[in-house]
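Notes follow once the structure below has been shown.
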Amino acid sequence: MKKILITGGAGFLGSHLTRRLLDFGHEVTVMDNLFTGNKSNIYDFQDNPRFTFLLQDVTQPFWGQFDDIYNLACPASPIHYQRNPVETIKTSFLGMMNVLELALKTKARVLHTSTSEIYGDPMVHPQPETYWGNVNTIGIRSCYDEGKRAAESLCVDYRREYGVDARLVRIFNTYGPNMHPQDGRVISNFIMQALRNEDITLYGDGEQTRSFQYVDDLIDAFVALMDKDRTELEAACGKAGFDIPVINAGNPGEFTIKELAETILELIPESTGKLVYHPLPKDDPQRRKPDITLAKTLLGWEPKVPLKEGLVPAIEYFRTHL
Ligand code: NAD
Ligand code: UDP
């Protein structure tokens, strides 16, 4: 049994990770300030003696002895992270620093959740981990993108300078039950709109693409990367040209946003929702698709759930949150 800390554990991804780690028999502490998370996501665990919840902001220093730390604290939806951009970049940077300081003092292993957003509006397609990205440093998304890039940088420097065992996962758009129904991300928006018979709001011409990953596949990748032996992982990453273990985790299936809307309407045939077009938000990336060769080679991991299959439990979840 390991003692594990999950920052941001009351959010969408954190709640799934908590369930998985408790099922494995570990002791799990969730630290969250409930900015975008919700206690209902972790309600199922409250009577489990191996579960603890700490209401705490990661930007404030904290202490505890853990074997593993998963750093998830940060709002992920553009609407949420743009609502309070200074808090967003502080959470990314100071939260990461507090996690790494704790790991340094206690010799904990760290897995940090980075993002495909570090590639910005990519000029290379699909995006391998070797791509440096195309990010606007002063745009409306930069509080998130640059915060996440700085967090990666902190991880690699704590590793180089102090030997902290930090690992990075660059997550591509992920969906599933426990997503906040009002978080403004495309999958939650489209499903909620279709279920309420409202217009389906396509931004721009709907021809921009994304790759959508079902949450269970991502949790498999987290666990596989965290459990990998350090020496073996470092050797393999060194060979691949990286100073730190870093993988893309996403489903390489690429869909236009219009195709996504049509698929959701197909799965909710009773909906009377119609496609309508709204202006494209600033700095919205045109294309996104992960190259997952490295994750396949290092971990033998690849996603298993196709979009149409994963949307079914997601739709069922949102139906109960109308
Ligand atoms: P989420 O918003 O559901 O969860 C984030 C959690 O962090 C919430 O519970 C929130 O309350 C908590 N939090 C925010 N600021 C905090 C602070 N200062 N102190 C303590 N807790 C704080 O988002 P999610 O989709 O579960 O994302 C989890 C992580 O994965 C984030 O770091 C996000 O950037 C990353 N990520 C997610 C996706 C995705 O598609 N879901 C894609 C790329 C990266
Ligand atoms: N989008 C859309 N309608 C919506 C919400 C989002 O067309 O109601 C588009 C958005 O402009 C982007 C894509 O869907 O091109 C994915 O947006 P999301 O906010 O889910 O995540 P992103 O990948 O942009 O961070």
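Adding -39500 (n - 2.57) for every DSSP H run of four residues or longer, then dividing by how many residues the chain holds, sets the calculated 222 nm ellipticity at -12500 deg cm²/dmol.
Would you please report the Å³ per residue occupied by the convex hull of the alpha carbon atoms in segment 67-168?
On the way: hull volume 9.7 nm³, N = 102.
Measuring per residue, one finds 95 Å³ for the Cα hull of segment 67-168.
Mean sequence separation of contacting Cα pairs (under 8 Å, at least six apart), scaled by the length of segment 195-270, corresponds to a relative contact order of 51 percent.
When both bridge partners sit in the chain, DSSP labels roughly 10% of those beta bridges antiparallel. Assign one of three labels to segment 111-152, namely rounded, prolate or oblate, based on the Cα gyration tensor with a ≥ b ≥ c the square roots of its eigenvalues; rounded applies when a/c is under 1.5, prolate when it is not and a/b is larger than b/c, and oblate otherwise. Oblate. Largest first, the extents of the alpha carbon coordinates of the chain on the three principal axes equal 56, 47, 38 Å.
A full extension of the chain between Met123 and Lys2 corresponds to an added length of 39.4 nm, given 0.36 nm per residue minus the alpha carbon distance.
What you get for the chain, charging only the Cβ of Lys and Arg (+1) and of Asp and Glu (-1), is a dipole of about 400 debye around the Cα centre.
Take the cross-link list Lys39/Lys308; Lys3/Lys90; Lys258/Lys308; Lys228/Lys289; Lys2/Lys39 and give me the ones stretching past 20 Å between alpha-carbons.
Details: Lys39/Lys308 29 Å; Lys3/Lys90 27 Å; Lys258/Lys308 14 Å; Lys228/Lys289 25 Å; Lys2/Lys39 23 Å.
As for pairs spanning more than 20 Å Cα to Cα, those are Lys39/Lys308; Lys3/Lys90; Lys228/Lys289; Lys2/Lys39.
This model, with +1 at the C-beta of Lys and Arg and -1 at the C-beta of Asp and Glu, gives segment 1-155 a dipole about its Cα centre of some 220 debye.
Across the chain, C-alpha contacts under 8 Å between residues 6 or more apart give a mean separation that, scaled by the residue count, equals a relative contact order of 18 percent.
Show me 90-101, 73-84, 226-237 ranked by packing, highest mean number of other Cβ atoms within 10 Å first.
On the way: 90-101: 22.7, 73-84: 20.7, 226-237: 14.2.
Per-residue Cβ counts within 10 Å, averaged per peptide and sorted highest first, yield 90-101, 73-84, 226-237.
Here segment 147-277 carries DSSP beta bridges of which approximately 25% are antiparallel, counting only pairs with both residues inside. Extending 7 Å from the Cα toward the beta-carbon at both Ala235 and Tyr277 defines two label points whose distance is 5.6 nm.
If you place +1 on the Cβ of every Lys and Arg, -1 on the Cβ of every Asp and Glu, and leave all else neutral, what size is the dipole of segment 232-276 about its Cα centre, to the nearest 20 Debye? List each step's numbers first, then the result.
Details: 3 positive and 8 negative charges, 30 e Å.
Dipole size: approximately 140 debye.
Each peptide in 172-184, 42-54 gets a packing score, the mean of other Cβ atoms within 10 Å over its residues, and the list from highest to lowest is 172-184, 42-54. For Val164, what is the net charge nearby, where nearby means another residue's Cβ is under 12 Å from its Cβ and Lys, Arg count +1, Asp, Glu -1? Local net charge: +3. Extents of segment 119-270, largest first, come to 56, 35, 26 Å (Cα atoms, principal axes, whole angstrom).
The gain in end-to-end length when the Glu101 to Gln56 segment is fully stretched comes to 14.6 nm, 0.36 nm per residue minus the alpha carbon separation. Report the paramagnetic label zone for Lys39: residues of segment 46-70 whose backbone N is under 18 Å from a point 7 Å from Cα along the Cα-to-Cβ axis. Once the point is set 7 Å along Cα→Cβ of Lys39, 46-49, 51-57 turn out to lie under 18 Å by backbone N, inside segment 46-70. Separation of segment 75-143 and segment 157-197, taken as the distance between their Cα centroids, equals 11 angstrom. The distance separating the Cα centre of segment 263-304 from that of segment 212-228 comes to 18 Å.
Any read-out appearing in this document is the output of simple, stated calculations on the displayed coordinates, not a laboratory observation. Bear in mind the structure is a predicted one, so any value in this text is a computation, not a measurement. Neighbour counts are summed over all protein chains in view; Cβ atoms, including those assigned to glycine, are modelled from backbone coordinates with ideal geometry.
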